[in-house]
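What follows is a single structure, written as structure tokens, with notes after it.
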Amino acid sequence: MLVALAIAATCGERAGALQQTLYRVTGVGDLPGGHLYSLPYAVSDTGLVTGIGNREDYGNNAYLWQGTDALWDLESLDPPDAQSIGEGVNNLGHVCGVSETTPNGDEQAFLWTPEAGMIGLGDLPGGSFYSWAHGINDLDEVVGLGRIDSDYGAFLWTAGTGMIYLGDLPGGEIMSNALAINNRSEVTGYSVSSRTALGEAFIWDAVNGMRSLGSIPGGGYLAEGQAINNLGQIAGPAATPEGKRACVWDPQTGFKLLGVPEGFASSDAWGMNDVGQVVGQCAKPFEMGQRYEGWVWDEQYGMQLLTPLLGARKPAYLKEVRWARDINNRGQIVCSIRGSNEGFLLTPFVLGDLNCDGAFDAFDIAPFVDALLDKPAHDALHPDCPADWVGDMNQDGSFNGFDVDAFVELLAGGG
């Protein structure tokens, strides 16, 4: 073994190793007393997850998961009978979403903080008391959907202004919905326009108001702005002559269609981070059973199905990643996996990166040996790169001496 690793050190000096990114699977559990149902909607850069979980009384409430075995039950605006959903979480650990209010079952947007708990955000002026929050930024600005008379409109809520109406795209009827907001207070979502009765993506800011993103070269338009990052890039599904396609819009370069994996008919984009990674869902054609799978896209590798990228140590009962909802700036993804109603956090790792510096190279040889000799000590030193995941070079589900040959081969560039 030591001879092989010495050879690996020599090879590592003269050959670039293949950087193979896989994902470590972590379940977020369920609310205390619940029945293992925890649908995730959003993840912060600090790894906080929010969504909807099952309570002991078979109701559902918004939750906040912080990397522990138990979820925080955020309750509702009118406990104990009302239900709630967590839709967005920021880096302060503050959550937005929607909660029922009893006894008439009205739905109201909320903002939850550890200090104040859940507070209702009200409704748009002149509305009939209905609001739903979809997105939140690190300034605690919240966006979503409210009611204006018998119609619906996008809103922005701040502590200073309360809830304000963002308008609609020109030519359409009153119908708009705000889905995401970045730290520059730019908002995206969709609005009925002269182009379509189904909705068209918009970008909004306080200076320019709401405006369309324009047409995609070759035909089509972005139907919804599902995510907006801090560069002002927007991701969502586009309506094109070829069908629904995941798409990214950049304020400088315009549109980029992300395509579909081979054998799939359509794709949706739902989340995006500041380095331009995008996640979403693609669908097989109807004649093939309309099967759905989650994917991740970046400039280097294009669109990749997530299922083949799950590390070998994932539980055997977990099958395909059904959809990927959000991705943070660490590349962590929240998703649903067929075989379980539990939500999951996927954390990326580079196979062989035993020193946890984000690259696989000769500097990983000494930590690899240390992990073989004392795995608990290695994991204590590198909790984000546990040896059972990162060191399982032959992907047989175990980390041991049988991984040495694969380590050497990959380091030599033969992976």
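When region 249-267 is limited to residues that are free of Cβ contacts under 8 Å to residues at least 40 places away in the same chain and within 19 Å of residue 284 (Cβ to Cβ), the one that is nearest to the chain's Cα centre (by Cα) turns out to be 267. The sole residue among 239, 159, 178 that is within 23 Å of residue 327 (Cβ to Cβ) and of a type outside the set (Val, Ile, Thr) is 178.
With respect to being closer than 26 Å to residue 316 by Cα, surrounded by fewer than 22 Cβ atoms within 10 Å (Cβ to Cβ) and at pLDDT below 90, residue 396 falls outside the description. Residue check: residue 383 meets all listed conditions (1) in a loop (DSSP other than H, G, I, E, B); (2) in contact (Cβ under 8 Å) with a residue 40 or more places away in the chain but one, namely (2). Within region 269-280, residues that are over 17 Å from residue 201 (Cβ atoms) and of a type in the set (Asp, Glu) reach no partner that is in a strand (DSSP E or B) and at pLDDT below 95 with beta carbons closer than 8 Å at six or more positions or on different chains.
When 148, 181 are checked against the criterion of being of a type outside the set (Gly, Ala, Ser) and within 20 Å of the chain's Cα centre (by Cα), a single residue qualifies: 181. When region 225-248 is filtered for residues that are touching a residue at least 40 places away in the same chain (Cβ under 8 Å), surrounded by 24 or more Cβ atoms within 10 Å (Cβ to Cβ) and of a type in the set (A, V, I, L, M, F, W, C), the ones remaining, listed by number, are 227, 228, 234, 235, 246. When 248, 278, 187 are screened for being at pLDDT 95 or above and farther than 26 Å from residue 336 by Cα, only 187 passes. I'd like the residue in region 130-157 that is touching a Leu at 6+ places or on another chain (Cβ under 6 Å), hydrophobic (A, V, I, L, M, F, W, C) and within 19 Å of residue 193 (Cβ to Cβ) and, out of all such residues, is modelled with the lowest pLDDT. Looking at residues that are touching a Leu at 6+ places or on another chain (Cβ under 6 Å), hydrophobic (A, V, I, L, M, F, W, C) and within 19 Å of residue 193 (Cβ to Cβ), I get 148.
Going residue by residue through region 185-205, is there one that turns out to be closer than 19 Å to residue 133 by Cα and surrounded by fewer than 19 Cβ atoms within 10 Å (Cβ to Cβ)? Yes, because at least one residue in region 185-205 is closer than 19 Å to residue 133 by Cα and surrounded by fewer than 19 Cβ atoms within 10 Å (Cβ to Cβ). In region 387-415, the residues that are without any contact (Cβ under 8 Å) to a residue 40 or more places away in the chain reach residues that are among the small types (Gly, Ala, Ser) and buried (at least 18 other Cβ atoms within 10 Å of the Cβ) with C-beta atoms within less than 8 angstrom, at least six apart or across chains, in these pairs: 387/371; 391/352; 391/371; 394/406; 399/371; 399/387; 399/391; 403/391.
Every test in (1) within 30 Å of residue 52 (Cβ to Cβ); (2) in contact with a helix residue (DSSP H, G or I) (Cβ under 6 Å, 6 or more places away or on another chain); (3) crowded, with 22+ Cβ neighbours inside 10 Å is passed by residue 352 save one, and that test is (1). Screening residue 126 with (1) more than 19 Å from residue 239 (Cβ to Cβ); (2) outside any strand (DSSP E or B); (3) touching a residue at least 40 places away in the same chain (Cβ under 8 Å) gives one miss only, at (3). When only residues in region 60-101 that are closer than 20 Å to residue 345 by Cα and hydroxyl-bearing (Ser, Thr, Tyr) count, which is modelled with the highest pLDDT? That would be 63.
Determine which member of the set 104, 177 is at pLDDT below 95, surrounded by fewer than 24 Cβ atoms within 10 Å (Cβ to Cβ) and either not hydrophobic (A, V, I, L, M, F, W, C) or not in a loop (DSSP other than H, G, I, E, B) (or both). Step through it out loud before you land on a result.
On the way: 177 fails: at pLDDT below 95.
Only one candidate passes the filter, namely 104.
Candidates are the residues of region 301-341 that are of a type in the set (Lys, Arg) and closer than 13 Å to residue 278 by Cα; the one that is surrounded by the most Cβ atoms within 10 Å (Cβ to Cβ) is 325.
Residues that are modelled with pLDDT of 95 or more, in a strand (DSSP E or B), touching a Pro at 6+ places or on another chain (Cβ under 7 Å) and among the β-branched types (Val, Ile, Thr): does region 34-51 have at least one? There is at least one residue in region 34-51 that is modelled with pLDDT of 95 or more, in a strand (DSSP E or B), touching a Pro at 6+ places or on another chain (Cβ under 7 Å) and among the β-branched types (Val, Ile, Thr).
The values are calculated or read from the model by the stated rules, or taken from the named source; none is laboratory data. The model shown is predicted, which means the values in this text are computed figures rather than measured ones. Every residue, glycine as well, gets a Cβ built from its backbone with ideal geometry; the counts of neighbours run over all protein chains shown.
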